[in-house]
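Peer 1: Handing you a structure now.
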Amino acid sequence: MAELGRWTQAARGGLDTDTGRGAVVPPIYLSTNYTFLAPGEPRAHDYSRSGNPTRDVLNDALAHLEGGAGGVSVTSGMAAVTLLVEAFVPVGGRIVAPHDAYGGTWRLFTMLAATGRLTVDFVNLAKLDEAADALSQPADMVWIETPSNPLLRITDIAAVSALARKTGARVVVDNTFCSPLLQQPLALGADFAVHSTTKYIAGHSDVIGGAVVSASAEDHEKCVLWANSLGLTGSAFDAYLTMRGLRSLDARLRVHAENAEAVVDAFDGHPSVARLHYPGLPDHPDFQLARRQMSGSGSVITAELAGGRAAVDRFLDGLQIFHLAESLGGTESLVCHPATMTHASMTPEALAEAGITDATLRFSVGIEARDDLVAVVSEALERVG
Ligand code: PLP
């Protein structure tokens, strides 16, 4: 018998488990509660907040793909962030986080710092000397987001994990932009991989979700308990949709990548583009690190247009295919203006520090026909002039 690879096993998660009726795809268990065999004798599940068979299928597939001891799927990516903070950062503890983290993560850490729950230092973790400096002081958690959102900076997961070990800090990698198929943070030394499954994993822009995969069984048990206690666990229906999306992740990512490369070519060197951020470009400052750490470059591209906000408006005016919307990783192509959308909660100083300007546009390249994507981007660039 052939030994099935990790991807095949994960994508086939739960298939053929309905021994009663032989359903190929496992049914959704919507029931909130499960009968006990006798007082004190529960079955595998008792109450769906604490455990649900449909969620189990997704949790196991994610843990398998990330190479972790277990996965916990929750109601959103931000619920996954909340879970890790509550479970592993003591009151008054310290987080070191990237200065260009996803705006919602930045906002949550900043709000928690304002209440005195914790302290946070935002630094450029893509620069190892800045990471080392921040980690020369005791810390409880290092939050890595690589590639970063929206400027696609690359943080060296193995090197920062090694620095974190010395201070006893837990290492979290937000792996949303890559999915477990393009980057394996736990194998590089991280303690946790976190996802907004809303993005590539679910992949169809129709379900909000998040997940935490822990490297160790002990941490996983802690996450299970905290997710249940905080009431963060996701619904069975959302787990079903997310698993449905996950089954096609590998195929989708291959088309996303081909299309992204073609769109990058359309942007690259065009006089209307002041700067182009994409880890697959040889002139990306961390091109070599990205090649080592990731098994693909992803399909998010960020461009800084020449000509400021006026150029952005001209680019967007009449742009076809790309919807002006937040989020990324769905089958449809999207464009976002981070300064006024995803990162709007950051202060002007924090935006400037992160390098996000009024002329920055982030693209999530979808799986439409490649030639059409290239045609509409080229046309929009001509409009900018
Ligand atoms: N992490 C990253 C990198 C994100 O881009 C997002 C959302 O855009 C989140 C976390 C938060 O996820 P959610 O919107 O599912 O709460």
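Peer 1: How many residues does region 132-159 contain that are touching a strand residue (DSSP E or B) at 6+ places or on another chain (Cβ under 7 Å) and over 21 Å from Asp283 (Cβ atoms)?
Peer 2: 11
Peer 1: Restricting attention to region 105-117, does a residue exist that is within 12 Å of the ligand (Cβ to nearest atom), touching a residue at least 12 places away in the same chain (Cβ under 8 Å) and assigned to a loop (DSSP other than H, G, I, E, B)?
Peer 2: no
Peer 1: Now a separate question. Select from region 160-181 the residues that are at negative phi and open to solvent by 30 Å² or more (accessible area, probe 1.4 Å) and list them in ascending order.
Peer 2: Across region 160-181, the qualifying residues are Ala162, Leu163, Arg165, Lys166, Thr167, Arg170, Leu181.
Peer 1: Which residues, taken from region 285-312, are open to solvent by 20 Å² or more (accessible area, probe 1.4 Å) and in a loop (DSSP other than H, G, I, E, B)?
Peer 2: Hits for region 285-312 are Pro285, Asp286, Ser295, Gly296, Ser297, Ala306, Gly307.
Peer 1: Condition (residue is over 30 Å from Thr119 (Cα atoms), touching a Phe, Trp or Tyr at 6+ places or on another chain (Cβ under 7 Å) and at pLDDT 95 or above) applied to region 67-88: is it met by at least one residue?
Peer 2: No, the conditions are met nowhere in region 67-88.
Peer 1: Okay, moving on. Looking at Leu328, is it closer than 17 Å to Tyr200 by Cα, among the aliphatic types (A, V, I, L, M) and touching a Lys or Arg at 6+ places or on another chain (Cβ under 6 Å)?
Peer 2: yes
Peer 1: Would you mention how many residues in region 200-213 are within 13 Å of the ligand (Cβ to nearest atom) and surrounded by fewer than 24 Cβ atoms within 10 Å (Cβ to Cβ)?
Peer 2: 4
Peer 1: Take the residues in region 356-379 that are part of a helix (DSSP H, G or I) and surrounded by fewer than 22 Cβ atoms within 10 Å (Cβ to Cβ), then tell me which one is farthest from the chain's Cα centre (by Cα).
Peer 2: Glu379
Peer 1: From (1) open to solvent by less than 40 Å² (accessible area, probe 1.4 Å); (2) under 22 Å from the mean Cα position of the chain (by Cα); (3) free of Cβ contacts under 8 Å to residues at least 24 places away in the same chain, pick out the condition that doesn't hold for His45.
Peer 2: (2)
Peer 1: Ok, one more. Restricting to region 175-201, give me the number of residues that are under 14 Å from Met294 (Cβ atoms) and not small (Gly, Ala, Ser).
Peer 2: Matching residues across region 175-201 total 12.
Peer 1: Could I ask something else about it? Scan (1) without any contact (Cβ under 8 Å) to a residue 24 or more places away in the chain; (2) exposed (fewer than 15 other Cβ atoms within 10 Å of the Cβ); (3) farther than 23 Å from Ser196 by Cβ for the single condition Asp317 breaks and write down its number.
Peer 2: With respect to (1) without any contact (Cβ under 8 Å) to a residue 24 or more places away in the chain; (2) exposed (fewer than 15 other Cβ atoms within 10 Å of the Cβ); (3) farther than 23 Å from Ser196 by Cβ, Asp317 is out only on (1).
Peer 1: Here is a follow-up. Listed residues Ala11, Ala79; which is within 16 Å of the ligand (Cβ to nearest atom) and assigned by TED's automatic domain parsing to the domain that holds Asn149?
Peer 2: From the options Ala11, Ala79, the qualifying one is Ala79.
Peer 1: Restricting attention to region 338-355, which residues are touching a residue at least 12 places away in the same chain (Cβ under 8 Å), open to solvent by 10 Å² or more (accessible area, probe 1.4 Å) and out of contact with any Gly (no Cβ under 6 Å at 6 or more places or on another chain)?
Peer 2: The answer is Ala339, Met341, Ala344, Ala350, Leu351, Glu353, Gly355.
Peer 1: I'd like the full set of residues that are open to solvent by less than 30 Å² (accessible area, probe 1.4 Å) and more than 20 Å from the chain's Cα centre (by Cα), limited to region 320-329.
Peer 2: Result: Phe322, single match.
Peer 1: Can you pull out every residue in region 1-14 that is surrounded by 10 or more Cβ atoms within 10 Å (Cβ to Cβ) and over 18 Å from Asn52 (Cβ atoms)?
Peer 2: Scanning region 1-14 gives Leu4, Arg6, Trp7, Thr8, Gln9, Ala10, Ala11, Arg12.
Peer 1: Taking Asp133 and the conditions (1) away from the ligand (no atom under 11 Å from the Cβ); (2) assigned to a loop (DSSP other than H, G, I, E, B); (3) modelled with pLDDT of 95 or more; (4) farther than 17 Å from Val89 by Cα, which numbered condition does it fall short on, given that it satisfies the others?
Peer 2: Just one mismatch for Asp133, condition (2).
Peer 1: Given the criteria within 14 Å of the ligand (Cβ to nearest atom), open to solvent by 30 Å² or more (accessible area, probe 1.4 Å) and either part of a helix (DSSP H, G or I) or not assigned by TED's automatic domain parsing to the domain that holds Arg117 (or both), does Asp238 qualify?
Peer 2: Spelling it out, Asp238 is indeed within 14 Å of the ligand (Cβ to nearest atom), open to solvent by 30 Å² or more (accessible area, probe 1.4 Å) and either part of a helix (DSSP H, G or I) or not assigned by TED's automatic domain parsing to the domain that holds Arg117 (or both).
The values are calculated or read from the model by the stated rules, or taken from the named source; none is laboratory data. Bear in mind that the values here come from a model prediction, so they are computed numbers and not experimental data. Glycine also receives a Cβ, built like all others from the backbone with ideal geometry; neighbour counts cover every protein chain displayed. Just so you know, the surface numbers come from the protein's heavy atoms only, side chains and all, with ligands and any DNA or RNA stripped out. Shrake-Rupley method; radii C 1.70, N 1.55, O 1.52, S 1.80 Å.
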